[in-house]
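What follows is a set of notes on a single structure, which appears directly below.
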Amino acid sequence: MTWDWGAVADFMPKFWDGLLLTLQILALGSLISFALGLVWALLMRTPSRLVRWPVGAVTEFIRNTPLLVQLFFLFYVLPEWGVTASALTTGVFAIGLHYSTYTMQVYRAGIEAVPAGQWEAATALNLPVTRTWRVVILPQAIRRVVPALGNYVIAMLKDTPILMTITVMEMLGEARLFAQQNFQFTEPLTVIGVAFILIAYPASLLVRALERRLVR
Amino acid sequence: MTSGLWELVLNGIWITVQLLVLSALVATAVAFGVGMARTHRLWIVRFLAGVYTEVFRGTSALIMIFWVFFVLPVAFGWQLVPLWAGTLALGLTYGAYGAEIVRGALNAVDPAQREGGIALSFTPWQRMRLILLPQAVPEMIPSFTNLLVELLKGTALVSVMGMGDLAFSANLVRLALQESAEIYTYVLVIYFVIAFLLTRGMRGLERRLKAGVGKQIGRTPDQELHRPETTGVGAAGSLGGAS
């Protein structure tokens, strides 16, 4: 086994570009998944079965099929339907949509964990539905789900390399390009592998600390 | 779609299923090995098992696949057949997630059960095999079901390496037909059906395993705590009955 520090040094500028893009994808994907997940969770609470059933079926479908194939679907099929978006936009949307079907379950659990007395108090105070949700239920529900959402952000981080397959130059994309240009696979791939551990492990410690503080 | 193209898709399903079964076996072995090691009495064993889980949970499955395909041959001279390379990468990664499930379930077994084993002078291995695992395994099944579906989704990643699995066959058909909506819809539906069958199968397994230790499906340990004490059997321990 040979290890070439020169190759590591050559790769580092590319690595920082890739890291920056990975973090951007992660931030945007998280925002989409938090927002969409909340929308799904709220739709699943509507009284009408005509809303609940399709939302439940679609999210179940998205959750149980591979992100990679969904990504290809969006990347190749949407242009056929006349919707054009850059690879990065498609990728961010795909990852956000995929994870929204997970965060939806997190929100659901958080909403269900709000004590029934809170609902009854809102009814007793004659609060309108939107106000009940906005100032009573959601603030309590979201506080409880922050650590669980954090776990999904970490999971999402580990799925960002998939975007490489649709030509997005995040960390793995940069590493592969560098490897193919220089015929040095060991160094760039190991560097990004270590980088993922160095980001994911402290992040998971942070989530655990949050869990202790926010969830009683 | 012509029958030749369908044959491609069928081949893809077969490879995906092979990969799923093999990597699930590797992942199960790793999960139990590492998960049990994390409850070992020597701190060094627990520490090494902890490092393993954090390292493999820390990296992405796709990076592991790249690593096994490109770095292992160069660095160690191990050129694996693609199927085994994929199995190794997926099995090691998802095994690390499974190890956390095993550890959690083992820790959730009532401490009195372990102490009972010590009192009866069982060896550590006998305690694990005869007391802890039979009670912990049924509790692991729902989490393992989720992990198995994640693993199925993970198998699609090997298509990046050009392995002819289901996701890869979709790519070939897309190139052949210059049309992608139809084939990708089919492939997504096929993945969904496989996931559905897996979930159903695992639920049956859970029912059988729980019947073996006298529990009902769908009861979490938390509900178990709040069970109304109608029969003397369940309540005997909590009343401190020395009968």
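Going from the chain on its own to the full set of protein chains, the stretch A:159-203 has these residues losing 50 Å² or more of accessible surface (heavy atoms, 1.4 Å probe, no ligands, DNA or RNA): A:F185, A:T186, A:L189, A:I197. Of the solvent-accessible surface of chain A, computed with a 1.4 Å probe and all protein chains present, 66% belongs to carbon and sulfur.
Sorted from largest to smallest, which semi-axis lengths in Å does the alpha carbon gyration tensor of the protein assembly as shown give for its equivalent ellipsoid, taking the root of 5 times each eigenvalue? Intermediate values should be presented prior to the final figure.
Details: eigenvalues 288, 185, 108 Å².
Taking √(5λ) for each eigenvalue gives 38, 30, 23 Å, largest first.
Within the stretch A:7-62, list the trypsin sites (Lys or Arg not before Pro) lying in a DSSP loop whose Cβ has at most 15 other Cβ atoms in a 10 Å radius. Could the numbers behind the result be given before it?
On the way: sites: A:K14, A:R45, A:R49, A:R52; in loops: A:R45.
Those that pass, being in a loop and sparsely packed, are A:R45.
Under 17 Å Cα-Cα from B:K153, which aspartates and glutamates qualify once same-chain neighbours fewer than 8 residues away are excluded? Hits, sequence-local ones excluded: A:E60, A:D159, B:D165. When the Gaussian network model of chain A links Cα atoms closer than 10 Å, the mean-square fluctuations of A:L149, A:L127, A:L88 top out at A:L127. Computed over protein heavy atoms with a 1.4 angstrom probe, the accessible surface ordering of A:Y102, B:Y191, B:Y97, largest first, is B:Y97, A:Y102, B:Y191. Multiplying each eigenvalue of the alpha-carbon gyration tensor of chain B by 5 and taking the square root yields semi-axes of 42, 24, 12 Å, largest first, rounded to whole angstroms.
Which percent of the accessible area of the stretch B:14-148 is formed by carbon and sulfur heavy atoms (probe 1.4 angstrom)?
On the way: 4390 of 6320 Å².
Roughly 69 percent of what the probe reaches on the stretch B:14-148 is carbon or sulfur.
The residues of the stretch A:22-169 have, on average, 47 Å² of accessible surface per residue, using a 1.4 Å probe with all protein chains present.
Computed across the stretch A:72-216, the Kirkwood hydrodynamic radius from all distinct Cα-Cα pairs reaches 18.4 Å. Taking every protein chain into account, the 1.4 Å probe leaves B:L5 with about 20 Å² of accessible area, to the nearest ten. The GNM of chain B, with springs linking C-alpha atoms under 10 angstrom apart, assigns the highest mean-square fluctuation among B:V173, B:V17, B:V189 to B:V189. When A:L20, B:L80, A:L163 are compared by accessible surface with a 1.4 Å probe, the order from highest to lowest is A:L20, B:L80, A:L163. Per residue, chain B exposes 51 Å² of solvent-accessible protein surface, assessed with a 1.4 angstrom probe and all protein chains in place. Counting only DSSP H runs of at least 4 residues, each contributing -39500 (n - 2.57), and dividing by the residue count of chain A, the helix-based mean residue ellipticity at 222 nm comes to -25000 deg cm²/dmol.
Given the DSSP H assignment, sum -39500 (n - 2.57) over each helix run of at least 4 residues in chain B and divide by its residue total; what's the result at 222 nm in deg cm²/dmol, nearest 500?
Values: 11 runs with 174 residues, N = 243.
That calculation yields -23500 deg cm²/dmol at 222 nm.
Karplus-derived 3J(HN,Hα) values for the stretch A:80-91, using 6.51 cos²θ - 1.76 cosθ + 1.60 with θ = phi - 60°, are 5, 8, x, 9, 10, 9, 5, 4, 5, 4, 4, x Hz; glycine and proline are entered as x.
Estimate for me the total accessible surface buried between chains A and B (protein heavy atoms, probe 1.4 Å, no ligands or nucleic acids), in Å² to the nearest 100.
Working: alone 12460 and 14120 Å², together 23350 Å².
Heavy-atom accessible area buried at this interface is about 3200 Å².
Which of the aspartates and glutamates could be linked to A:K14 by a straight reach, that is with a Cα gap under 12 Å, when you skip same-chain ones fewer than 8 residues away? Partners found: A:E170, A:E174.
The values are calculated or read from the model by the stated rules, or taken from the named source; none is laboratory data. Small disclaimer: the values here were computed from a predicted structure and weren't measured. Note that we place each Cβ from the backbone using ideal geometry, even for glycine, and neighbour counts take in every protein chain shown. For accessibility, only protein heavy atoms count, side chains too; no ligands or nucleic acids. Shrake-Rupley method; radii C 1.70, N 1.55, O 1.52, S 1.80 Å.
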